[in-house]
Amino acid sequence: MGKSRIMVVEDESILRMDIKEMLKEAGFDVVAEANSGDTAIELAALHKPDLIVMDVKMPKMNGIKAGRIIYQAYQIPVLLLTAYSERDLVEEAKNAHILGYLVKPISERDLIPAVEIAMAQANRLKALTNDIKKMEEKIEDQKTIQRAKGILMEVYQVSEEQAFKMLRSYSMNHGKTLKSVADYIILHRELDSNASVG
Ligand SMILES: [Mg+2]
């Protein structure tokens, strides 16, 4: 795995530079920096960082709102920086994509371990999201295969087991996946039924 790619969003330029330097020294790749929530959204789209270290209080759009928009679009998690430790802020920030928050002033001693933990969580979150996606694809594949089996059963007047054997032997003989054979069968059925209507 390469260096973790981080975007830093902070409207105080000196602090932003400090954070950037601390991250670089710790071996992280700072791929983008922004001074507002709306710029953060644009740069997130462009650079797709692994993690965003983002200030809460910024002019125009705050970090919580920007983080929510970015996560919905690109599933990039956020580590928040805040000058406040009020309860309502922490409550508001309790979303799946907020992997933690640091209270200013930000020191290297606090920042680096927090970023490392957030990165580990971000990677777990990514793996989990991929697993769910794969599972959903598998379910979709099964539905397609079921449908193709139904077509074969009807056309050839065979049992479900025999229909499955037909599918499987075709897929093995032609080096194709069950899903792609099923897609082919369904497509032909659709073309046939369109032709018979016309
Ligand atoms: Mg600020």
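The values are calculated or read from the model by the stated rules, or taken from the named source; none is laboratory data. Not measured: the values here are computed from a predicted model. Cβ: placed from backbone, ideal geometry, glycine included. Neighbour counts: every protein chain shown. Note: areas computed on protein heavy atoms with side chains; ligands, DNA, RNA excluded. Shrake-Rupley method; radii C 1.70, N 1.55, O 1.52, S 1.80 Å.
Being outside any strand (DSSP E or B), of a type in the set (Gly, Ala, Ser) and within 25 Å of Lys94 (Cα to Cα) is the filter here, so list the residues in the stretch 27-57 that pass it.
Initially, the stretch 27-57 is screened for residues outside any strand (DSSP E or B), giving 27-28, 35-50, 56-57.
From the residues that got through so far, the ones that are of a type in the set (Gly, Ala, Ser) too are 27, 36-37, 40, 44-45.
Scanning the stretch 27-57 gives Ser36, Gly37, Ala40, Ala44, Ala45.
Asn130 - would you say it is at pLDDT below 95, surrounded by 11 or more Cβ atoms within 10 Å (Cβ to Cβ) and polar (S, T, N, Q)? Here the answer is no, as Asn130 does not meet what is asked.
Being charged (D, E, K, R) and either within 22 Å of the chain's Cα centre (by Cα) or in a loop (DSSP other than H, G, I, E, B) (or both) is true for just one of Lys60, Lys24. Which residue is that? Steps first, please.
Details: Lys24 fails: either within 22 Å of the chain's Cα centre (by Cα) or in a loop (DSSP other than H, G, I, E, B) (or both).
The unique qualifying residue is Lys60.
Pairs are defined by a Cβ separation below 7 Å, a sequence spacing of at least 6 or placement on different chains, a first member in the stretch 2-17 that is closer than 16 Å to Leu102 by Cα, and a second member that is acidic (Asp, Glu) and open to solvent by less than 20 Å² (accessible area, probe 1.4 Å); the pairs so defined are Val9/Asp55; Glu10/Asp55; Asp11/Asp55; Arg16/Glu10.
Against the list (1) assigned to a helix (DSSP H, G or I); (2) at pLDDT 95 or above; (3) within 16 Å of the ligand (Cβ to nearest atom), the condition Lys65 fails is (2). Within the stretch 35-49, take every residue that is open to solvent by 10 Å² or more (accessible area, probe 1.4 Å) and within 13 Å of Tyr71 (Cβ to Cβ) and give me the one that is farthest from the ligand (Cβ to nearest atom). Only one residue fits best here, namely Lys48.
With the condition kept exactly as written, say whether any residue in the stretch 120-128 is closer than 30 Å to Lys24 by Cα and of a type in the set (Lys, Arg). Please lay out each step first, then the result.
Taking the stretch 120-128 first, the residues closer than 30 Å to Lys24 by Cα are 120-128.
So of that shortlist, the ones also of a type in the set (Lys, Arg) come out as 124, 126.
Among the residues of the stretch 120-128, at least one is closer than 30 Å to Lys24 by Cα and of a type in the set (Lys, Arg), which makes the answer yes.
With within 30 Å of Val8 (Cβ to Cβ) and either within 16 Å of the ligand (Cβ to nearest atom) or in the same structural domain as Leu43 (by TED's automatic domain parsing) (or both) as the only criterion, which of Val103, Val115 stands out?
Of Val103, Val115, the one residue that is within 30 Å of Val8 (Cβ to Cβ) and either within 16 Å of the ligand (Cβ to nearest atom) or in the same structural domain as Leu43 (by TED's automatic domain parsing) (or both) is Val103.
Can Met7 be described as part of a strand (DSSP E or B), open to solvent by less than 80 Å² (accessible area, probe 1.4 Å), in contact with a His (Cβ under 8 Å, 6 or more places away or on another chain) and within 16 Å of the ligand (Cβ to nearest atom)? So Met7 fits the description; yes.
Got a sec? Which of Ile151, Ile186, Ile132, Ile145 is touching a residue at least 40 places away in the same chain (Cβ under 8 Å) and either part of a helix (DSSP H, G or I) or of a type outside the set (Asp, Glu) (or both)?
Details: Ile151 fails: touching a residue at least 40 places away in the same chain (Cβ under 8 Å); Ile132 fails: touching a residue at least 40 places away in the same chain (Cβ under 8 Å); Ile145 fails: touching a residue at least 40 places away in the same chain (Cβ under 8 Å).
Result of the check over Ile151, Ile186, Ile132, Ile145: Ile186.
Of all residues in the stretch 167-179, one or more are free of Cβ contacts under 8 Å to residues at least 24 places away in the same chain, hydrophobic (A, V, I, L, M, F, W, C) and part of a helix (DSSP H, G or I). Of all residues in the stretch 68-87, those satisfying the criterion of being away from the ligand (no atom under 11 Å from the Cβ) and of a type in the set (Ser, Thr, Tyr) are Tyr71, Tyr74, Ser85.
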